[in-house]
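Chemist: I have a structure I would like to understand better, so I am pasting it below and will then ask my questions one at a time.
The values are calculated or read from the model by the stated rules, or taken from the named source; none is laboratory data. Keep in mind that what you see is a predicted model, and the values were worked out from it rather than measured. Every residue, glycine as well, gets a Cβ built from its backbone with ideal geometry; the counts of neighbours run over all protein chains shown.
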Amino acid sequence: MAMTTPPLLLAAPHRLPFLTGSLGLGSAATWWLYALGQLDGGAAMAIAPAVPAALLHGPAMLFLGFTPFVFGFLLTVVPRWLGYPDLAWQRFGPVGVLLALGVACAQIGLWSAQSSLLLAGLAILGTGWGLGLLLLVQLVLVNRRDDKPPCWHAASALAALALGLLALLCATGFVTASDPRVLRWSNLLAVNGFLLPVFLTVAHRMVPFFARMVVPDYQPWRPDWLLALIWALLGLRLLGEGFHQTAVLALGSAGLALLTAVLAFRWWPRHPAPGLLNVLLWGFLWAPAGFALSALEAWGWALGRAPLHALLIGFAGSMLVAMVTRVTQGHSGRPLAMFGLAWLAFAAIQLAAVLRVWAALKGEDTAILLIAGGAFLLGLAPWLVRNALVYSRPRIDGRPG
């Protein structure tokens, strides 16, 4: 007889991916802090002589930390964006299981310095990624078959997932062949083609929608053409950085700095707002700051990795805390509100981002890097553990999901 009642971790699309992300992000951050400590002591962790920990830091955080959260969120919201019921657990379950197995195997490979385990984990993760992308593409095709209006947020998110999968394949190729050129394109695609467009797309959809619900007389503003402009400017960044065209990189970055500043101004509520909306808006301010720094770097200012980490830690990290908190609270029967550990995580992200930018401006000062890594891990860990416990327990209101 077929199982009709799902296991608890498959009772909702976000449960297992968010649990995987919580453990994966915490483990990757711990591994990187340990690697930094080794570097500070004169040692160098490596999977292989040509694959040092410093080069794996980006793929570890992006693919093993952020990616499961992205899938947990999109598997939950894309059907709703398209006007369909929630996905059946038999459809999203294999995606969540493969993501979890892939992240676990890759993390073991990182910690044990076994390239074969890391490669196996990335391969399993890629299989789950491809399956999840296919599932969401099928929904979009059904939406077109039903002659419904196109959902550009879903199309934008799926384009980001496709480029992210390509970035993951490049990262796998780097671990296999130790070719830094492949890693470079993996990082460029993962940042400009996957992570930034996902968070900008979700912010474009979520911030005005949420603000309208909780702020009186709020006038939402989210024209669809903004998504096309975001992609065009991100494309300029990708091409400019990928092919060493600084003028093109500067144009794309400056355009995104201006655009995200306008969005922050237009989205800002003119009345008091709850904390959960405020952290979305405060975290979004890192976007114009990071893109402006990137434009200055392209124009010749020596800023090192400061622009990148303003965007990845400051913007993406802040938005992750805000969005994951909102989904976790709402889909567990809890109030849609920030709580103590969520505030701690958000504050830690701000501190880690500032310190990481400072470290870059100080020539990658190892002591500051260690403090930044410690702030990131110690501030997020209690929030991640608390959330992991929530995902492994039934909803407190007794409802399914």
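Chemist: Here are some residues: W129, W185. Which one is touching a Cys at 6+ places or on another chain (Cβ under 6 Å), surrounded by 14 or more Cβ atoms within 10 Å (Cβ to Cβ), among the aromatic types (F, W, Y) and under 23 Å from L64 (Cβ atoms)?
Modeler: The unique qualifying residue is W185.
Chemist: Among the residues of segment 345-395, which ones are out of contact with any helix residue (DSSP H, G or I) (no Cβ under 8 Å at 6 or more places or on another chain), assigned to a loop (DSSP other than H, G, I, E, B) and closer than 24 Å to P68 by Cα?
Modeler: R395
Chemist: Which of the residues spanning segment 201-252 are farther than 21 Å from F315 by Cβ and charged (D, E, K, R)?
Modeler: Result: R212, D217, D224.
Chemist: Would you mind finding the one in A316, A322, A348, A287 that is crowded, with 17+ Cβ neighbours inside 10 Å, farther than 20 Å from H204 by Cβ, under 18 Å from the mean Cα position of the chain (by Cα) and modelled with pLDDT of 95 or more?
Modeler: A348
Chemist: Taking S156 as the residue in question, decide whether it is in contact with a helix residue (DSSP H, G or I) (Cβ under 7 Å, 6 or more places away or on another chain), modelled with pLDDT under 95 and small (G, A, S).
Modeler: no
Chemist: Something else about it: Select from segment 6-38 the residues that are touching a residue at least 12 places away in the same chain (Cβ under 8 Å) and aromatic (F, W, Y) and write down the one among them that is nearest to V390 (Cα to Cα).
Modeler: Selected residue: F18.
Chemist: Name the single residue, out of those in segment 365-396 being modelled with pLDDT of 95 or more and among the charged types (D, E, K, R), that is farthest from W31 (Cα to Cα).
Modeler: R395
Chemist: List the helices (runs of 4 or more DSSP H) inside segment 229-315, counting only whole elements, that have at least 1 residues being within 23 Å of Q219 (Cα to Cα) and in contact with a His (Cβ under 8 Å, 6 or more places away or on another chain).
Modeler: Fully inside segment 229-315 and qualifying: 246-267.
Chemist: Which numbered condition in (1) surrounded by 21 or more Cβ atoms within 10 Å (Cβ to Cβ); (2) farther than 20 Å from G83 by Cβ; (3) β-branched (V, I, T) is the only one that T176 fails?
Modeler: Of (1) surrounded by 21 or more Cβ atoms within 10 Å (Cβ to Cβ); (2) farther than 20 Å from G83 by Cβ; (3) β-branched (V, I, T), only one is false for T176: (1).
Chemist: Test A190 against the criterion of being touching a Phe, Trp or Tyr at 6+ places or on another chain (Cβ under 8 Å), of a type in the set (A, V, I, L, M) and surrounded by 17 or more Cβ atoms within 10 Å (Cβ to Cβ), and give yes or no.
Modeler: yes
Chemist: A follow-up question, please. Among the listed residues L351, L336, L380, which satisfies the condition of being of a type in the set (A, V, I, L, M, F, W, C) and within 20 Å of G21 (Cα to Cα)?
Modeler: Result of the check over L351, L336, L380: L380.
Chemist: Determine, yes or no, whether F339 is free of Cβ contacts under 8 Å to residues at least 40 places away in the same chain and either within 30 Å of L9 (Cα to Cα) or buried (at least 21 other Cβ atoms within 10 Å of the Cβ) (or both).
Modeler: Yes; evaluated as a whole, the condition is true for this residue.
Chemist: Cβ-Cβ distance below 6 Å, separation of 6 or more or different chains: which pairs start in segment 114-138 with a residue that is farther than 12 Å from V175 by Cβ and end on one that is assigned to a helix (DSSP H, G or I) and of a type in the set (V, I, T)?
Modeler: From residues that are farther than 12 Å from V175 by Cβ, the pairs are G128/V95; L131/V95; G132/V95; L136/V78.
Chemist: Any chance segment 177-184 includes a residue that's closer than 27 Å to L33 by Cβ and at pLDDT below 95?
Modeler: Within segment 177-184, one or more residues are closer than 27 Å to L33 by Cβ and at pLDDT below 95.
Chemist: Right, L125: closer than 30 Å to L226 by Cβ and either among the charged types (D, E, K, R) or within 18 Å of the chain's Cα centre (by Cα) (or both) or not?
Modeler: Criteria not met by L125.
Chemist: Oh, and also: What are the residue pairs meeting all of these: first residue in segment 383-401, first residue without any contact (Cβ under 8 Å) to a residue 60 or more places away in the chain and more than 19 Å from G93 (Cα to Cα), second residue among the hydrophobic types (A, V, I, L, M, F, W, C) and surrounded by 10 or more Cβ atoms within 10 Å (Cβ to Cβ), Cβ atoms under 9 Å, and 6 or more apart or on different chains?
Modeler: Short answer, once both residue conditions are applied: R386/F339; R386/L341; R386/A342.
Results for (1) in contact with a Leu (Cβ under 9 Å, 6 or more places away or on another chain); (2) charged (D, E, K, R), shown as yes or no for each residue.
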{"residue": "Y84", "(1), (2)": "yes, no"}
{"residue": "W89", "(1), (2)": "yes, no"}
{"residue": "L110", "(1), (2)": "yes, no"}
{"residue": "L118", "(1), (2)": "yes, no"}
{"residue": "L141", "(1), (2)": "no, no"}
{"residue": "A154", "(1), (2)": "yes, no"}
{"residue": "L166", "(1), (2)": "yes, no"}
{"residue": "D179", "(1), (2)": "no, yes"}
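The rows are residues; the columns are (1) more than 25 Å from V324 (Cα to Cα); (2) within 16 Å of the chain's Cα centre (by Cα).
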{"position": "P149", "(1), (2)": "yes, no"}
{"position": "A155", "(1), (2)": "no, no"}
{"position": "G173", "(1), (2)": "yes, no"}
{"position": "F194", "(1), (2)": "no, yes"}
{"position": "V198", "(1), (2)": "no, yes"}
{"position": "V207", "(1), (2)": "no, no"}
